Amino acid sequence: AQSVAQPEDQVNVAEGNPLTVKCTYSVSGNPYLFWYVQYPNRGLQFLLKYITGDNLVKGSYGFEAEFNKSQTSFHLKKPSALVSDSALYFCAVRDGAGGFKTIFGAGTRLFVKA
Amino acid sequence: GAVVSQHPSWVICKSGTSVKIECRSLDFQATTMFWYRQFPKQSLMLMATSNEGSKATYEQGVEKDKFLINHASLTLSTLTVTSAHPEDSSFYICSARDLTSQPNTGELFFGEGSRLTVL
């Protein structure tokens, strides 16, 4: 069975500082990993994904994530946070062995202070 | 990217009534749609997967008779919350994919969500 863990309910960072939002996963086959962002009362927007290839994936709005197979992690990062990055971030995993079922983590709320 | 539209965005209803939420793919044919429920400060819970022209596949613990899903066309899926009660109040989000043309490596396209409040 697939599962995703986001160990932090909330991350606080000052504007201009680097940010990291953590994610670990469990899947039986090859993992397809995704990050989505959600603003209040809105649907989810896709940020980036890892399917195969380079472990460092770059996505929208300056975000990037690093796939680490040995640690089964896929942490989201950004070198310099903006106040507008404040939102709810979800990590998600799909089993590459088949199917389209996507499992989401509990979400991490990011607060960026000016 | 592909656009998924959900309607209504907000709905308030009385206990015991039924509410229908629509999910439309605007610029692609969605062979598969997923319905999620999001509780306050919690993650998205997959409720069911619907494939066009066939019955929806419900996740364990989701009442089929309570949450009726109809995927009658390649661009429209509906979720009907029957005999709604206050505990059904939640944020419901749909997502869609065209599995005939998009590989399963692709991301999901989400609607904007529908907030249901049952009084």
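The values are calculated or read from the model by the stated rules, or taken from the named source; none is laboratory data. What you see is a predicted model, and the numbers here were worked out from it, not measured in a lab. We place every Cβ from the backbone using ideal geometry, glycine too, and count neighbours over all the protein chains shown.
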Completion exercise
Taking region B:19-40 and keeping only residues that are away from chain A (no Cβ under 14 Å) and either closer than 25 Å to residue B:103 by Cβ or more than 15 Å from the chain's Cα centre (by Cα) (or both), one is left with B:27, B:28, B:29
Handout entry: residue B:43 vs. criteria under 14 Å from the mean Cα position of the chain (by Cα) and either basic (Lys, Arg) or within 12 Å of another protein chain (Cβ to nearest Cβ) (or both)
Key = no
Practice task
Six or more apart or on different chains, Cβ under 6 Å: which pairs go from a residue in region B:77-94 that's part of a helix (DSSP H, G or I) to one that's aliphatic (A, V, I, L, M) and buried (at least 19 other Cβ atoms within 10 Å of the Cβ)? Could you list them?
Solution key: B:86/B:118; B:88/B:81; B:88/B:118
Handout entry: Residue identified as in contact with a Lys or Arg (Cβ under 7 Å, 6 or more places away or on another chain), among the small types (Gly, Ala, Ser), at positive phi and modelled with pLDDT of 95 or more among A:16, A:62
Key = A:62
Problem - Test result for residue A:13, more than 12 Å from the chain's Cα centre (by Cα), away from chain B (no Cβ under 14 Å) and buried (at least 17 other Cβ atoms within 10 Å of the Cβ) - result: yes
Fill in the blank from the handout: Across region B:61-119, the tally of residues that are of a type in the set (Gly, Ala, Ser), within 11 Å of chain A (Cβ to nearest Cβ) and closer than 17 Å to residue A:40 by Cα stands at 3
Handout entry: Top-ranked residue of region B:46-78 - restricted to ones that are more than 12 Å from residue B:95 (Cβ to Cβ) and among the aliphatic types (A, V, I, L, M), ranked as nearest to the chain's Cα centre (by Cα)
Key = B:69
Handout entry: Lone qualifier among A:100, A:46 - being of a type in the set (A, V, I, L, M, F, W, C) and either in contact with a Cys (Cβ under 8 Å, 6 or more places away or on another chain) or outside any strand (DSSP E or B) (or both)
Key = A:100
Exercise for the section: Can you work out which of the residues in region A:66-114 that are charged (D, E, K, R) and out of contact with any helix residue (DSSP H, G or I) (no Cβ under 9 Å at 6 or more places or on another chain) is nearest to residue A:21 (Cα to Cα)? Expected result: A:77
Practice task
Identify, by number, the condition in (1) in contact with a Ser or Thr (Cβ under 9 Å, 6 or more places away or on another chain); (2) at pLDDT 90 or above; (3) surrounded by fewer than 22 Cβ atoms within 10 Å (Cβ to Cβ) that residue B:61 doesn't meet.
Solution key: (1)
